[in-house]
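Have a look at the structure below, then the notes.
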Number of protein chains: 2
Amino acid sequence: MNSNLVFQPVAVDSAARASVKGQKPVAIWLTGFSGAGKSTIANALELALVERGRHTYLLDGDNVRMGLCRDLGFSDADREENIRRVAEVARLFVDAGLIVITAFISPFQRDRAMAREVIGADAFVEVFIDTPLTECERRDPKGLYGKARSGLIRNFTGIDSAYEPPENPGIRIDTLEDDLLTAVQRILAYLEKRGI
Amino acid sequence: MNSNLVFQPVAVDSAARASVKGQKPVAIWLTGFSGAGKSTIANALELALVERGRHTYLLDGDNVRMGLCRDLGFSDADREENIRRVAEVARLFVDAGLIVITAFISPFQRDRAMAREVIGADAFVEVFIDTPLTECERRDPKGLYGKARSGLIRNFTGIDSAYEPPENPGIRIDTLEDDLLTAVQRILAYLEKRGI
């Protein structure tokens, strides 16, 4: 191999990738109870961003828990490792120039703080989907609260595992007050205000 | 939350993401010894693709071993888990519509077969960077072979850990024959022939 070529600096960096895409890459980190509406809001937000010509990706239980994190359960240690890997992958997507949306319960304050540090505070937007536990349990779209109450599922957030609400989220969405369109518009307005 | 909106199918799928980007997403999987030239070729290939308006991402030791896989070492089991995670992340990038290049030794046939299965055979291009071990050891750009020979590094591929060459790679690059530009052009020609 031609050694003159070998040692030329030919790397494409994050700024080059983002400029190709004409957007400011960011991770929009949704947190809240199971059944709070994270996936619904994440999907609608992604659609709204794609309609605006943005390049997006959605990380959620469907494409992470069955793949990258399929060796992990729901103990505190495994939840921490799950969130660590999601944060590392979100960092790679931000580095690739994309707007990445994550939809995980991510119940622990220290794990979300770690995600913010891994991704970088400038590229991290925390969105608290603040649906009360009683309402999530009433909806119970997947029947999981029923199973957790009857002991069929262990370590279920809100039942026998803690949820630590964000103290100072970028955005707080109360799905009892805001409908889906309002929720998406509030997140879009926040991103615009931050110049994203 | 308005229940009519909640249950509308609003997901953005892989085809929609790829069409936004106007390209066929694929994983270009480089395999070969340490010092074979994988990172050099990967960087030059990424630059060539970006110059052609493609949206790319490069996964290599620099951005994966220090982040997502920093809990892993170089035992056979840890190498397997490393390649599993890289394959899962490459799958996510392909799902996001990107052309992702991976540059890892990935010494074991069964792990590369697993990667092909995870990513999907249609989106998997195996590139064997076939630089002979003697030449890699002669170059030794990071001084790793020297350390491995003196026992300072264990489980080093080619010294005290096996490398199983691909039996039927999509492309084979011999860096003793092909210079860097030729290598990149051969990969680009192969991608074009496969309609990527």
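Restricting the first member to region B:143-169 and to residues that are among the aromatic types (Phe, Trp, Tyr), and the second to residues that are surrounded by fewer than 17 Cβ atoms within 10 Å (Cβ to Cβ) and at pLDDT below 95, the beta-carbon pairs closer than 8 Å and six or more apart or on different chains are B:PHE156/B:PHE74. Of B:ALA148, B:ALA103, B:ALA189, B:ALA113, all but one fail to be among the hydrophobic types (A, V, I, L, M, F, W, C) and closer than 21 Å to B:GLY53 by Cα; the exception is B:ALA189. Residue count for region A:112-130, restricted to those that are outside any strand (DSSP E or B) and either of a type in the set (Lys, Arg) or surrounded by fewer than 22 Cβ atoms within 10 Å (Cβ to Cβ) (or both): 11. Elements of the type helices (runs of 4 or more DSSP H) sitting completely within region B:11-92 and holding at least 3 residues that are within 12 Å of chain A (Cβ to nearest Cβ) and farther than 27 Å from B:ILE173 by Cβ: these cover B:14-21. Can you say whether B:GLU88 is at pLDDT 95 or above and surrounded by fewer than 19 Cβ atoms within 10 Å (Cβ to Cβ), as far as the supplied structure shows? Spelling it out, it is not the case that B:GLU88 is at pLDDT 95 or above and surrounded by fewer than 19 Cβ atoms within 10 Å (Cβ to Cβ).
Of all residues in region B:147-178, exactly one satisfies the criterion of being within 14 Å of another protein chain (Cβ to nearest Cβ) and not in a loop (DSSP other than H, G, I, E, B), namely B:ILE173.
Among residues that are surrounded by fewer than 21 Cβ atoms within 10 Å (Cβ to Cβ) and in contact (Cβ under 8 Å) with a residue 40 or more places away in the chain, B:SER106 is not included. The conditions of being of a type in the set (A, V, I, L, M), crowded, with 16+ Cβ neighbours inside 10 Å and closer than 30 Å to B:GLY22 by Cβ are not met by B:ILE159. Is it the case that some residue within region A:44-54 is at positive phi and in contact (Cβ under 8 Å) with a residue 40 or more places away in the chain? Checked region A:44-54: no residue is at positive phi and in contact (Cβ under 8 Å) with a residue 40 or more places away in the chain.
The values are calculated or read from the model by the stated rules, or taken from the named source; none is laboratory data. Being a predicted model, the structure only gives us computed values, none of them experimental. Glycine gets a Cβ as well: all are built from the backbone with ideal geometry, and neighbour counts include every protein chain shown.
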